[in-house]
Amino acid sequence: MDITQLILNELLEELKQTPEQVQYEVLDFVLFLNHRRQQEQPEVDSESVEDKALHFIEFVNHQRQQEEIELQEDLEALRAAREEIKREGTIPWDQIKRELELPQ
């Protein structure tokens, strides 16, 4: 198995754990690189394609880590909001509509 196949296998494994939109972006990128490689354009050699694929895997990993951080922050905010509701309660919708002079 050559390095390109190894990288592709690693990329596909990483894609299983990413959001669908990221999967499409990665696959588009791989198709683009493969197309350029098949055209044998001198500025894109095998090594540069593999380097780009590795950088893209790193990018996808970073994006996934950022999304995980954001998810954790959202969960913490949700927990804090629930605690606040338990302590202070909520404002009834009818009261809000009256205060904003909205139709009942």
Residues in region 61-84: is at least one in contact with an Asp or Glu (Cβ under 9 Å, 6 or more places away or on another chain) and modelled with pLDDT of 90 or more?
-> no
Collect the residues in region 68-100 that are of a type in the set (Val, Ile, Thr) and within 35 Å of the chain's Cα centre (by Cα), keeping them in residue-number order.
-> ILE69, ILE85, THR90
Enumeration of residues in region 18-29 that are of a type in the set (A, V, I, L, M) and touching a residue at least 24 places away in the same chain (Cβ under 8 Å) = VAL22, VAL26
Within region 44-58, identify whether any single residue is touching an Asp or Glu at 6+ places or on another chain (Cβ under 7 Å) and modelled with pLDDT of 75 or more, and answer yes or no.
-> yes
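The values are calculated or read from the model by the stated rules, or taken from the named source; none is laboratory data. Keep in mind that this is a model prediction, so the values were computed, not measured. Note: ideal-geometry Cβ built from the backbone for every residue, glycine included; neighbour counts use all protein chains shown.
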